[in-house]
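Take a look at the structure set out below.
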Amino acid sequence: MKEKIKRILLQEPDPFIRFEVLEKFFGFVYVEEDVHFLLSLLRSDRDPCVRHEVAAQLFRIEEKKPHLMVNIRPNVIEGLLDRAEYDESTVVRHEAIEALGYIGDERVLEKLREFSSDQNIDIRSTAEIAVNTATRRFRDNVGTGQLGDHLVRQWEDCTLLKSELPSAAPHAPPTQLKKEKRK
């Protein structure tokens, strides 16, 4: 089945079919070679919606199958950076930047910060979120697959702290709340 899907992705002229089949491909991604195949699509597919979906699939692999990224993460980062900077499509640039927030290492932060001043508001906004995502991952030493749960726990902790504080300080910043709790 995986080989049939690859043939369709490489040979089918209809981008709708390639897009839908690409969704199915994730279930057959088991080895690094499959990630390399996706990288080749990211660089070469002529349709922006397909390239966008490839970037999204790379994020899903990092989230659900991170062991496949260990040896090739630099290649994935390079491919995503290339699309984030040079793709003609805003939607592809957006998805590549978003994926970099989850996949990228500390070296990517500077480039994400540069994208935060892009002329395009969608790119700028996505880059700001990606910078925050990457910064939290590094600072809190949290993997991509655990980031959502981690943020929910932090929010619950802050909410609980706010309810325990005297009413004079209901809007204290979270960092101040943590200091209050430690006393």
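The numbers here are math on the coordinates, done by the rules we state, and not lab data. This is a predicted model, so every value here is computed, not measured. We place every Cβ from the backbone using ideal geometry, glycine too, and count neighbours over all the protein chains shown.
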Task: Lysine pair number, Cα distance threshold 14 Å (strictly under), the chain, separation 8 or more or different chains - done: 6
TODO: Can you tell me which of 146-153, 34-41, 104-111 comes out highest on packing, and rank the rest after it, using the mean Cβ neighbours within 10 Å?
DONE: 34-41, 104-111, 146-153
Task: Backbone N under 12 Å from the W155 label point (7 Å along Cα→Cβ), restricted to the range 79-116 - done: none
Task: Gain upon complete extension [K65, F16; 0.36 nm per residue less C-alpha separation] - done: 15.1 nm
TODO: Quick one: grab the alpha carbon gyration tensor of the range 2-141, order the square roots of its eigenvalues as a ≥ b ≥ c, and give me rounded if a/c is under 1.5, else prolate or oblate depending on whether a/b is larger than b/c.
DONE: oblate
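Starting from the Cα-Cα distance between T135 and R43, subtract it from 0.36 nm times their residue separation and give me the gain in nm to one decimal.
Details: separation 92, 0.36 × 92 = 33.12 nm, distance 2.71 nm.
Computed gain between T135 and R43 is 30.4 nm.
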